[in-house]
Amino acid sequence: MAVGVQGEAGVGLGFGEVAGRVGKIRTAVESVIEGKSEAVRLALIVMLAEGHLLIEDVPGVGKTMLAKTLARAVDGTVRRVQFTPDLLPSDITGVSVYHQERREFEFVPGPVFANLLVGDEINRASPKTQSALLECMEERQVTVDGTTYPLERPFMVIATQNPVEMEGTYPLPEAQRDRFTARISMGYPSPSAELDMLDTHSRTSPLDSLAPAATVTEVRGLIETVRGVHTAPAVKQYAVDMVNATRNHPELRLGASPRATLQLVRAARARAALEEREYVLPDDLQALAVPVLAHRLLTTAEAQVERRRPEQIVSELVARLPVRG
Ligand SMILES: Nc1ncnc2c1ncn2[C@@H]1O[C@H](COP(=O)(O)OP(=O)(O)OP(=O)(O)O)[C@@H](O)[C@H]1O
Ligand SMILES: [Mg+2]
């Protein structure tokens, strides 16, 4: 077996151990979320890639449930914020309040100080509040009244939003969508999964009795190991080619950013580790291209008239691009 990488908290994890440990977390999550193994897998890949996840789907398909279940499964602290138009930036980051007796300001941390922050209906908050959150996502720290506070690790934002154009929503601008490593949609469960859900969820929620399958220290160790997954120069070149192809595409008016390239490779490392590989294959990049790239792209007016979706454009582009690696 491969040489292990020393985890942050001294947990030495070998590459061979990643799949098994993540498998336990996955089993725990899937005992609550019925029939959504692809969504669960992607959520775990994003967590191991130290990214943030955007879940876009219609109401009632288990978006919030997935986020809460994942947090419970890794025994992390979880906070949930329902985004509304009157939510203030300080409702997310925290505030300094004046302490009368001690005659000094005291920082009251906001919900961002958690391992998992569930931002529900993120597109309902004002752009100012959205950007407060997105700053924390990028820098993994919060600055309030001139003092900077680091956030805990792992720190993952799982934001949900409704794709249906609704009144009173502020769609996330491109720069903000770019902060999310991947976007997934849940989709309706299959009839048999929905039937199972009725059995398991009708009395009490299985989430209430879910036992954690890993500790946050273990998750830090897993993240550390994933960082050590090898990416050959040809594979890196393939990632760059892929991202570049979105920038020169006639149907796209905005292509993917260098941040996207970085996140694509990180996510590919996590996918490789889940498959018990110590190295990234072009296959990893191909499989992740749509969830990692599509939400960052803007189609041209002509492409919109033809109802071309970025997802479609990305998968066609990947199919055409010569493989390297
Ligand atoms: N695939 C699924 N497996 C298990 N339970 C599910 C699934 N899909 C939906 N549910 C159940 O449906 C209910 C609603 O789910 P949830 O609140 O997570 O929806 P949501 O997608 O966040 O909706 P909204 O957009 O309205 O916030 C929950 O009780 C959840 O258990
Ligand atoms: Mg919800």
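Summary of values
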{"read-out": "Matching residues, region 55-76, being near ligand 1 (Cβ under 8 Å from one of its atoms) and either of a type in the set (S, T, Y) or without any contact (Cβ under 8 Å) to a residue 60 or more places away in the chain (or both)", "value": "G60, T64"}
{"read-out": "Pair list, Cβ < 9 Å and 6+ apart or interchain, from region 117-136 residues that are at positive phi and modelled with pLDDT of 85 or more to residues that are crowded, with 19+ Cβ neighbours inside 10 Å and not aliphatic (A, V, I, L, M)", "value": "E121/F83; E121/T160; E121/Q161"}
{"read-out": "Residue within region 214-233 that is in a loop (DSSP other than H, G, I, E, B), at pLDDT 90 or above and surrounded by fewer than 15 Cβ atoms within 10 Å (Cβ to Cβ) present", "value": "yes"}
{"read-out": "Those residues of region 111-154 which are surrounded by 17 or more Cβ atoms within 10 Å (Cβ to Cβ) and in a loop (DSSP other than H, G, I, E, B), in sequence order", "value": "P111, V112, F113, A114, N115, E121, A125, L151, P154"}
{"read-out": "Single match in S96, S131 (criterion: among the small types (G, A, S) and either within 23 Å of the chain's Cα centre (by Cα) or within 16 Å of ligand 1 (Cβ to nearest atom) (or both))", "value": "S131"}
{"read-out": "Residue within region 206-213 that is under 22 Å from the mean Cα position of the chain (by Cα) and acidic (D, E) present", "value": "no"}
{"read-out": "Region 161-171 - residue that is within 16 Å of ligand 2 (Cβ to nearest atom) and either of a type in the set (S, T, N, Q) or surrounded by 15 or more Cβ atoms within 10 Å (Cβ to Cβ) (or both) and, of those, modelled with the lowest pLDDT", "value": "T169"}
{"read-out": "Near pairs, Cβ below 8 angstrom, 6+ apart or cross-chain, from region 1-28 (farther than 30 Å from T200 by Cα and of a type in the set (K, R)) to any residue that is at pLDDT 50 or above and part of a helix (DSSP H, G or I)", "value": "none"}
{"read-out": "Residue within region 147-163 that is over 15 Å from the mean Cα position of the chain (by Cα), within 16 Å of ligand 1 (Cβ to nearest atom) and under 22 Å from V40 (Cα atoms) present", "value": "yes"}
{"read-out": "Selected residue (criterion: surrounded by the most Cβ atoms within 10 Å (Cβ to Cβ)) from residues of region 29-50 that are modelled with pLDDT of 90 or more and of a type in the set (D, E, K, R)", "value": "K36"}
{"read-out": "Members of region 51-83 that are within 12 Å of ligand 2 (Cβ to nearest atom), aliphatic (A, V, I, L, M), in contact with a strand residue (DSSP E or B) (Cβ under 6 Å, 6 or more places away or on another chain) and modelled with pLDDT of 90 or more", "value": "I55, V81"}
{"read-out": "Test: residue in region 191-209 that is modelled with pLDDT of 85 or more, more than 16 Å from ligand 2 (Cβ to nearest atom), among the charged types (D, E, K, R) and surrounded by 18 or more Cβ atoms within 10 Å (Cβ to Cβ)", "value": "no"}
{"read-out": "Only listed residue being more than 10 Å from ligand 1 (Cβ to nearest atom), surrounded by fewer than 22 Cβ atoms within 10 Å (Cβ to Cβ) and within 30 Å of P189 (Cα to Cα), chosen from R102, R26", "value": "R26"}
{"read-out": "Failed item in (1) modelled with pLDDT under 90; (2) within 16 Å of ligand 2 (Cβ to nearest atom); (3) under 20 Å from the mean Cα position of the chain (by Cα), with R183 passing the rest", "value": "(1)"}
{"read-out": "From the options V157, V97, V108, V81, residue that is in a strand (DSSP E or B), surrounded by fewer than 18 Cβ atoms within 10 Å (Cβ to Cβ) and touching a Gly at 6+ places or on another chain (Cβ under 7 Å)", "value": "V108"}
{"read-out": "Scope region 101-160; condition within 16 Å of ligand 2 (Cβ to nearest atom), within 27 Å of I223 (Cβ to Cβ) and of a type outside the set (D, E); matching residues", "value": "P111, L116, L117, V118, G119, I122, V157, I158, A159, T160"}
{"read-out": "Among (1) among the basic types (K, R); (2) touching a Leu at 6+ places or on another chain (Cβ under 7 Å); (3) within 16 Å of ligand 1 (Cβ to nearest atom); (4) outside any strand (DSSP E or B), the one test that R179 misses", "value": "(3)"}
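The values are calculated or read from the model by the stated rules, or taken from the named source; none is laboratory data. In this text the structure is predicted, and so the values were computed from the model without any measurement. Here the Cβ is made from the backbone with ideal geometry for all residues, glycine too, and neighbour counts use every protein chain on show.
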